[in-house]
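See below for the structure under consideration.
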Amino acid sequence: MKAVKRLSLAAVMLLCVLLITGCWDKVEIEDRLFALAIGVDDVKEEERKTSEDMYTFSFVAPVLEEMKKESKGPAFRTYEAVSCGIIHSQSQLLERFSQKQYFGLTRVMLFGEGMMRDEKLLKEIIDAILRYHELHNSMYAYIVPGRAEEVFEVKPKFEKLIMRYIAGITENSSYSSGILKLSLSDAIIMLINNKGGLVIPRLIPGEEEIRVSGAGVLKEYRLVGYLDDSEVSSYNRLMDKAKGGSFPVDIEGTSTVFKHFRFDRSIELSKVEGGKIYLNYNMETEGTIEEYTLNKIMLDNKFLKKVEHELGKKIESESEKLIKRFQKEFRTDLIGARDYLNKYQPKLFKTIEKDYDKYFSDNIVIKVNADVHIRRIGLIK
Amino acid sequence: MIKNDDLVSPYQIAMIIIMTVISVGVFSIASDAANAAGPDGWLMVAFAGAVNILAVLVIVILNSRFPGKTFAEYSQVILGTILGRLLTMMFTIYLIFATAYVVRSFTEVIKMFVLFRTPTEIIMLSLILVCTYIVRSGVECVARINELIFPILFIPFLILMAFGLPSADFSNLRPFLQASPVRMLSAMPALAINYAGIELALFYIGFMENPKKAYKPAIAAVLFITFFLTIVTALCIAAFGQNMTAYFLWPLMSYIRLISMPGLFVEHLQGIMLSLWMLSVFTNIVSVYFVMSYSISKIAGTKEQKQYVLPLAMVIYYFALQPDSLVSHYELAKAVLPYFIILFLYVVPVILLLIAKLRKLEVK
């Protein structure tokens, strides 16, 4: 009896702890402006009022009346502010609108291309994101070619809320390897670990839809180039970020698609020779082929082995092409070799740590081995 | 001397030690550790904890020579009245600083995340006054509040931390043992601050019927603390990597803020985290506070400790308000507290034990 009493007392106290923590700042829900997406741009010269103005912020908030099914207009409004930083823009908005901003539900943060080219602007905004307690880091981050505010002018055809639309696309990354998924905290960790290096998904606004396509590459806190769609797939594979997806390949003049649900990558050191480091990226995947051409019997081991071989070759060549691009064009290691060397070959890494980027582009040789397994071939033979 | 009903059970000793040590340090320990030893930070936390097993052993051995006596009393037996009182006085001053540090750290975190516009003074005073109420009721109450809050604190705490596991990448804990030993040793004082509180066993074991029964719970308590702090550090480093972890002021808070699961009906768990953490701070202050008032009563030679509690609240409050900003607060704490802790946790018990052995002092 005593034990039961004690237990129930503990349960009550536990509930108190969990339930009393809901409300502490006495701001009513009607008075809140839920900023669901934030866009950050460098300021346009003509909009600059004082010399401190560096950014144009766009905050997107839902309009509750428009959320109903019948109403036609877009269910969100954009609030813009030109200021020196996110906190100041908040107080600017307080002077202009009756509601108080709330960032707890923000899903999406967009960076305009202009500010990504500017080391100072990027560093300042990243610091603000980390330092400012109202912003959380679990939202998704994107780069927008052109200006981030343009994205909010899109009137999406099928969804009312633009940020749910964008976040939804990104969450499809488990099914498509062409989508790069990057949370703000991962982006910041990557930026800091790579001293300004980052691969960030690109968001392209269209007329009635938005596409997550390709990725921006940053080096030393500056945008240096873009990856296209297939390169993003390769990037996901190289970084062990790929899960599901499909991969087209041409077999005997007929194109077919390999669909995978699992994609693993591991790195191993193969040898150190003549001042060069040889790394192997071993990839393994399994999946199905469910499209080919009529009258072709696929229930044939020899044929499947051939398809697997072709697929492997194509994955290898595409990956190696991207590695070349990082080594020769960007001359920076954002594909995990440094991470591997640091974690698993610390003694070796210490000898090359200084001036690593140069070493990476000249003296690290990466070979990709793809091991493809076709497990199933669909409903017919 | 100690009244008969003012007894502490062996189980309560473990609870007191655990709940005293786990307080404001939980939030910042990962940052200190990552700063000191990079990915080896968690190993270092474990190592620092293991060292404390020896320290707590010395404390229990010392205390079991003088059953029914606390540090404030037997230090006078060992060193003589004047020196003993001086040492107890020093201990009390250290405890005042330590409590002021805890109160201020607590206020800073609360102001950062929850009560942005509440005056610092209100947060501090309300915290101190609640503690005052409990401390006035004596050692039994202190022990019981620790016993009571232990499960309420740790069960949800561990569950909460488990939610963050998907964002942890344990390869971030590699490479093992790459930091140089010199660098690791020089960082020990900075980590010692997170283990402050074990030295309170010097007092609380004195309230036990049979101090020899304290071996098991004391060691178990230190093991638990080490385990817990190591897990916290490892999770933070795994989630953020060493560079980011070292960059945060309160990595554990950032770790909790990272939790966002689609479908989880609560997001932003920092509120729950903070309310739990408030309990741990509260128990820390209560335990320290009691020892403070108790040793003052022993220095003054009075029977009761009650009358000193309320005036002490003002002193703690005053010292907690002294640092100008968060920066000077941490600087001040790092300049003063680690040396006191090392002195009272590692040096004083050993010296007292040696003298007691040499002088063959023992209460039978």
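The values are calculated or read from the model by the stated rules, or taken from the named source; none is laboratory data. Computed from a prediction, not measured in an experiment: that's the story for all the values here. We place every Cβ from the backbone using ideal geometry, glycine too, and count neighbours over all the protein chains shown.
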Qualifying helices (runs of 4 or more DSSP H) (wholly inside the stretch B:1-116; at least 1 residues being in contact (Cβ under 8 Å) with a residue 12 or more places away in the chain and in contact with a Cys (Cβ under 7 Å, 6 or more places away or on another chain)): B:25-37
Test for B:Tyr318: is it aromatic (Phe, Trp, Tyr) and touching a Leu at 6+ places or on another chain (Cβ under 8 Å): no
Members of the stretch A:99-135 found to be more than 27 Å from A:Glu220 (Cβ to Cβ) and touching a Leu at 6+ places or on another chain (Cβ under 9 Å), listed by number: A:Gln99, A:Lys100, A:Gln101, A:Tyr102, A:Phe103, A:Leu105, A:Thr106, A:Arg107
Qualifying strands (runs of 3 or more DSSP E) (wholly inside the stretch A:189-305; at least 2 residues being assigned by TED's automatic domain parsing to the domain that holds A:Met139 and more than 24 Å from A:Gln327 (Cβ to Cβ)): A:198-205, A:210-219
Subset of the stretch A:99-134 [β-branched (Val, Ile, Thr), more than 12 Å from A:Met54 (Cβ to Cβ) and in contact with a strand residue (DSSP E or B) (Cβ under 9 Å, 6 or more places away or on another chain)]: A:Thr106, A:Val108, A:Ile129
Members of the stretch B:322-333 found to be surrounded by 15 or more Cβ atoms within 10 Å (Cβ to Cβ) and part of a helix (DSSP H, G or I), listed by number: B:Leu326, B:His329, B:Tyr330, B:Leu332, B:Ala333
The stretch A:190-204, residues that are within 13 Å of chain B (Cβ to nearest Cβ) and more than 8 Å from A:Tyr221 (Cα to Cα): A:Met190, A:Ile192, A:Asn193, A:Asn194
Checklist (1) surrounded by fewer than 21 Cβ atoms within 10 Å (Cβ to Cβ); (2) touching a residue at least 40 places away in the same chain (Cβ under 8 Å); (3) more than 13 Å from every other protein chain (Cβ to nearest Cβ) applied to A:Leu180, failing item: (1)
Only one of B:Val281, B:Val288 that is at pLDDT 85 or above, out of contact with any Phe, Trp or Tyr (no Cβ under 7 Å at 6 or more places or on another chain) and more than 8 Å from every other protein chain (Cβ to nearest Cβ): B:Val288
Counted residues, the stretch A:198-235 - those being of a type in the set (A, V, I, L, M), modelled with pLDDT of 90 or more and within 11 Å of the chain's Cα centre (by Cα): 6
Single match in A:Ile143, A:Ile192, A:Ile166 (criterion: surrounded by 18 or more Cβ atoms within 10 Å (Cβ to Cβ), more than 15 Å from A:Val232 (Cβ to Cβ) and at pLDDT 90 or above): A:Ile192
Test set (1) touching a Lys or Arg at 6+ places or on another chain (Cβ under 9 Å); (2) within 14 Å of another protein chain (Cβ to nearest Cβ); (3) buried (at least 17 other Cβ atoms within 10 Å of the Cβ) - A:Asp339 fails condition number: (1)
Selection count, the stretch B:300-316, where residues are surrounded by fewer than 18 Cβ atoms within 10 Å (Cβ to Cβ), in a helix (DSSP H, G or I) and not small (Gly, Ala, Ser): 6
Every residue from the stretch A:85-106 that is part of a loop (DSSP other than H, G, I, E, B) and surrounded by 15 or more Cβ atoms within 10 Å (Cβ to Cβ): A:Gly85, A:Gln99, A:Phe103, A:Leu105, A:Thr106
Residues of the stretch A:343-358 satisfying the condition of being in a helix (DSSP H, G or I) and without any contact (Cβ under 8 Å) to a residue 40 or more places away in the chain: A:Lys343, A:Pro346, A:Lys347, A:Phe349, A:Lys350, A:Thr351, A:Tyr356, A:Asp357, A:Lys358
Subset of the stretch B:163-187 [touching a residue at least 12 places away in the same chain (Cβ under 8 Å), away from every other protein chain (no Cβ under 11 Å), in a loop (DSSP other than H, G, I, E, B) and over 29 Å from B:Gln270 (Cβ atoms)]: none
Which numbered condition B:Leu249 fails, given (1) touching a helix residue (DSSP H, G or I) at 6+ places or on another chain (Cβ under 6 Å); (2) within 24 Å of A:Leu130 (Cβ to Cβ): (1)
